[in-house]
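To start, the structure itself, in structure tokens.
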């Protein structure tokens, strides 16, 4: 089956160019407390600052899965509500899929299907497809649940599936499942879809992307781990083209070359929060808010910017070899309260142009109205740049303030965006540890931006990357200091 044109083009190089775009091929929560789960060096320290409700452990989540897909946890009174379409809903029927089952099964517990394709060919709204063992993946077209009766694809402990494609899917929950091994394509690929909840997934060993999403709406990614993508051409581990609405939270992305996260093609109204990006294996802009997309792949097709209202909040980015954060044709986007360390690329923050939708009336998008604020950024190169935002490659009203920068050599503020000389520091060590916690308390304590309330998703800026309540005045960085 031939997939519709979704805007694949491989990862960008360090100039932000992607080449011509072409075509390849758990449960919901009502209140959750962010935790990155720690990196290989053990983040989520559970620290708290003065005025915060104190932590008693590294993982603030106290509840597991309960009837009705309702998880609660975190510090009382501050964990933000992050609702999904699957809240308080449970399956009304079950189809069983088991690795090694005899062909010709009917999906019953006694005669399970031997692969996902057979089960998803007959699934109906309200049904859970329950996978056990190692099974082949599936390419689906038009499987649809409803707002009151989604379709669940769930993994038993140890369940592993091959690649899964969801074309034109609606109201689908994919949860607690390992997806792996696409030789020359994406592992989890969705397009023309709406209302997807991807939770508790482990997705790895992708020829292209671990997750590729295009021309879709209302997509939630929660508590996932994605790694070892881009084995064929350096594709991002997560690549969105024209995904409108949703969030990517409490997930880990690692061991991937080039651009790691690409959010482009008219992608809008998206929260990227409490995640961890690390172990980038080849240079590229690790977290790209925007990018450069073929004009025919935008959603909406008249979008004048690569990204709109995309916010990266309280993420940990470390062990990178390219620019940690890039704004590329993004409007009203923000990166706030992130901690970046052990990054060795030649730029720390970049602004680059993007493309625009074919019906937008323009051919280029320049980032405007974007904010980089309250971040800790440690690394870079002696002859490299803290900022690279050349005249003619960036639009108006962008602000960089209330940050801590520390790089070897000179500051090298290369660009037309004003340097904040009042509230930012450029020559003091925040002493970021292996867990992302700054040790230089005096430098960051209460020094964060006071005016973020007008940003998209500001209502969820209530807990830090370790799940601790955030007090005012805020600290600089992703983790509040003790």
Seminar exercise, completed: 1/(1 + (r/R0)^6) with r = Cβ-Cβ of residue 363 and residue 418, R0 = 41 Å, i.e. FRET efficiency to nearest 0.05, evaluates to 0.90
Seminar exercise, completed: Output ordering of 437-447, 244-254, 452-462, 308-318 (per-residue mean of other Cβ within 10 Å, highest first) is 308-318, 244-254, 437-447, 452-462
Problem set entry | Percentage of interatomic Cα-Cα distances in the stretch 163-315 larger than 24 Å | 21 percent
Exercise. Per the Kirkwood formula on distinct C-alpha pairs, the Rh of the stretch 119-247 is how many angstrom?
Worked result: 14.2 Å
For this session: Largest first and in whole Å, give the semi-axes of the stretch 126-460's equivalent ellipsoid, each being the square root of 5 times a Cα gyration tensor eigenvalue.
Result: 34, 22, 18
Exercise. What share of the DSSP beta bridges in the stretch 356-482 is antiparallel, in percent to the nearest 5?
Worked result: 15 percent
Problem set entry | Relative contact order, percent, the stretch 351-482 [alpha-carbon distance under 8 Å, six or more residues apart] | 21 percent
Exercise. Using bins 5 angstrom wide from zero, how does P(r) for the stretch 76-117 break down, in % of all Cα pairs?
Worked result: 6, 19, 18, 10, 10, 10, 9, 8, 7, 3, 1
For this session: Could you sort 122-135, 171-184 so that the peptide with the highest average Cβ count within 10 Å comes first and the rest follow in order?
Result: 171-184, 122-135
Exercise. Which distance in nm do the two modelled labels at residue 382 and residue 141 give, with both placed 7 Å along the Cα-to-Cβ direction?
Worked result: 6.0 nm
Exercise. Over the stretch 126-460, what is the mean sequence separation of C-alpha contacts under 8 Å (at least six apart), divided by residue count, expressed as relative contact order in percent?
Worked result: 9 percent
Seminar exercise, completed: Expressed in nanometres to one decimal, the distance between label points 7 Å along Cα→Cβ at residue 106 and residue 134 is 3.0 nm
Problem set entry | R0 of 35 Å, Cβ-Cβ distance residue 296-residue 411: FRET efficiency to nearest 0.05 | 0.30
Problem set entry | Over the stretch 172-260 - Rg/Rh using Cα atoms and the Kirkwood inverse-distance radius | 0.93
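Since every read-out is calculated from the coordinates, none of them should be taken as a lab result. Keep in mind that what you see is a predicted model, and the values were worked out from it rather than measured. Cβ sites come from the backbone with ideal geometry, for glycine too, and all protein chains shown count toward neighbours.
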